[in-house]
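Peer 1: Before I ask anything, let me first share the structure, which is written out below as structure tokens.
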Amino acid sequence: MSETLIHVASGKVRELFTIGDERLLLVASDRISTFDVVLPTEIPDKGRVLTGLSAFWFARTGDVCPSHLLELRPDGRSTECRRLEMLPLECVVRGYLAGSGWKDYLRTGSTSGHALPAGLRESDRLPEPIFTPSTKATSGHDENIDAAQAIELVGRERYEEVERTSLALYRFASEHAAARGILIADTKFEFGLDAEGRLVLADEAFTPDSSRFWPADEYAPGGPQPSFDKQFVRDYCESLGWDKTPPGPELPDDVVSGTRARYIDAFERLTGIAFADYLAEPSAVLA
Ligand code: PZK
């Protein structure tokens, strides 16, 4: 018997459906965004790469925190998940100084209330990974907040639990990735609560869309690092002089194939599984 899917939300590149009262179906498309604009050209298999990577990590981080994953579907791009009460917090961990963390540091010498050593350069590794939560903005960019503001949103005990859990997840995945030639500069988690009030890792985890992946062999602090996955797309868009407002440009075939190859390279390095094997049998990432 098949069950009725009801579409409940669209992200920039993903769709969310309900299956009955307790389950959700998360579907990752092949759409790609750059400079916050979804482009008209798709990257074939991008949704499968991201779905497979998330499932790979969920299957390995269960001792740190349970996840919402119930089932990886045979199409390799959709997962059935437990429906949770989501926390109103984006849980960001930074191991390196990039993006809004770098911008905050330049202005203030600290980021999200973490005082940092003087003299750090863009993309430098931080002395310790830091937890820098942000609020889910309904429009535009998420806004970095400090611990006091985050505690107002979720309470002190829950804040301490998401901080400790986020740092433990980051340490686990960043050590695994670094051993395979990929630096995870920063990453974002979303957590929810199950019916018993237990913390559960939701959304996607340690994908190129939720994290900054840098190729370790090209790491050169003192400036911005090339993005593992989207650099060809960004470079091409910059070469056009596009003003970064919608609509975005169509991508030529060589940019599509080069970008697809980078996604698949990240998948294969991180999982140790041939992408063709994942397409034949998605559950290979759960073993
Ligand atoms: C949930 N989102 C964001 C993701 C979209 C929107 N396990 C869960 N339980 C309840 N709600 C969510 C989840 C998860 N994951 C996630 N919004 C609600 C989102 C993908 C596509 F359109």
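No lab work stands behind these numbers, since they all come straight from the coordinates. All of these numbers come straight from a predicted model, not from anything done at the bench. So basically every Cβ, Gly included, is an ideal-geometry build from the backbone, and we count neighbours across all protein chains shown.
Peer 1: Taking the Cβ of each residue in 242, 102 as the centre, tally the other Cβ atoms inside 10 Å and list the residues starting with the fewest.
Peer 2: Lowest to highest Cβ neighbour count: 242, 102.
Peer 1: Related question: In sequence order, what are the phi-derived ³J(HN,Hα) couplings for the range 217-229 according to the Karplus relation 6.51 cos²θ - 1.76 cosθ + 1.60 with θ = phi - 60°, rounded to whole Hz, with x for glycine and proline?
Peer 2: Working through the residues one at a time gives 6, 10, 5, 9, x, x, x, x, 9, x, 6, 4, 9 Hz.
Peer 1: Expected output is a single nm value to one decimal: the length gained when fully extending between residue 164 and residue 128, i.e. 0.36 nm times separation in residues minus the C-alpha distance. What is it?
Peer 2: 11.6 nm
Peer 1: I've got another one for you. Which helices, counted as full DSSP H runs in the chain, have an axial Cα extent of no less than 20 Å and a Kyte-Doolittle average of -0.5 or above? Can you show the working numbers first?
Peer 2: Working: long enough: 46-60 (22 Å, 0.33); 156-178 (32 Å, -0.95); 253-271 (27 Å, -0.44).
Helices meeting the criterion: 46-60, 253-271.
Peer 1: For residue 19, which sequence-distant residues (separation of 5 or more, or a different chain) have an amide H within less than 5 Å of its own amide H, given hydrogens modelled in the peptide plane?
Peer 2: Here the answer is 24, 25, since their amide H atoms fall under 5 Å of that of residue 19.
Peer 1: Related question: Going toward the positive end of the dipole of the chain, with +1 on Lys and Arg Cβ and -1 on Asp and Glu Cβ, which of 202, 215, 9 do you reach last?
Peer 2: Final value for the positive-end residue is 215.
Peer 1: Classify the chain from the C-alpha gyration tensor, please: rounded if a/c falls under 1.5, else prolate or oblate depending on whether a/b exceeds b/c.
Peer 2: Rounded is the answer for the chain, as its axis ratio a/c remains below 1.5.
Peer 1: Then there's this: Give, in nm to one decimal, the length gained when the segment between residue 287 and residue 71 is fully stretched (0.36 nm per residue of separation minus the Cα-Cα distance). It would help to have the intermediate numbers written out before the result.
Peer 2: Values: separation 216, 0.36 × 216 = 77.76 nm, distance 1.32 nm.
Net length gain for the segment: 76.4 nm.
Peer 1: Here is a follow-up. Work out, step by step, the length gained on full extension between residue 269 and residue 151: first 0.36 nm times the residue separation, then minus their alpha carbon distance; give nm to one decimal. Each step should come with its number before you reach the end.
Peer 2: Working: separation 118, 0.36 × 118 = 42.48 nm, distance 3.73 nm.
Roughly 38.7 nm would be gained on extension.
Peer 1: Which one of 201, 193, 270 has the biggest mean-square fluctuation once the chain is modelled by GNM with Cα springs under 10 Å?
Peer 2: Comparing 201, 193, 270 in a Gaussian network model of the chain, the most mobile one is 193.
Peer 1: Along the range 183-194, what does the Karplus equation 6.51 cos²θ - 1.76 cosθ + 1.60 (θ = phi - 60°) give for ³J(HN,Hα), rounded to whole Hz, x for Gly and Pro?
Peer 2: 8, 9, 5, 7, 7, 10, 10, 10, 10, x, 10, 7
Peer 1: With an 8 Å Cα cut-off and a minimum separation of 6 or more residues, compute the relative contact order for the range 75-138 in percent.
Peer 2: On the way: 64 pairs, mean separation 29.4, N = 64.
Normalised by residue count, the contact order of the range 75-138 is 46 percent.
Peer 1: With n ≥ 4 as the cut-off for DSSP H runs, can you work out [θ] at 222 nm for the chain, using -39500 (n - 2.57) per run divided by the number of residues, rounded to the nearest 500?
Peer 2: -10000 deg cm²/dmol
Peer 1: Given a Förster distance of 30 Å, report the FRET efficiency between residue 175 and residue 8 from their Cβ-Cβ distance, rounded to the nearest 0.05.
Peer 2: Values: r = 36 Å, r/R0 = 1.19.
E(calc), rounded to 0.05, equals 0.25.
Peer 1: In whole percent, what relative contact order does the chain give with Cα contacts below 8 Å and a gap of six or more residues? Working shown, then result.
Peer 2: Working: 519 pairs, mean separation 62.8, N = 287.
Relative contact order here is 22 percent.
Peer 1: Sort 141, 68, 176 so that the residue with the fewest other Cβ atoms within 10 Å of its own Cβ comes first and the one with the most comes last.
Peer 2: 141, 176, 68
Peer 1: Now for a separate question. Would you mind ranking 56, 35 by Cβ crowding within 10 Å, fewest neighbours first?
Peer 2: Values: 56 26, 35 15.
The order, fewest Cβ neighbours first, is 35, 56.
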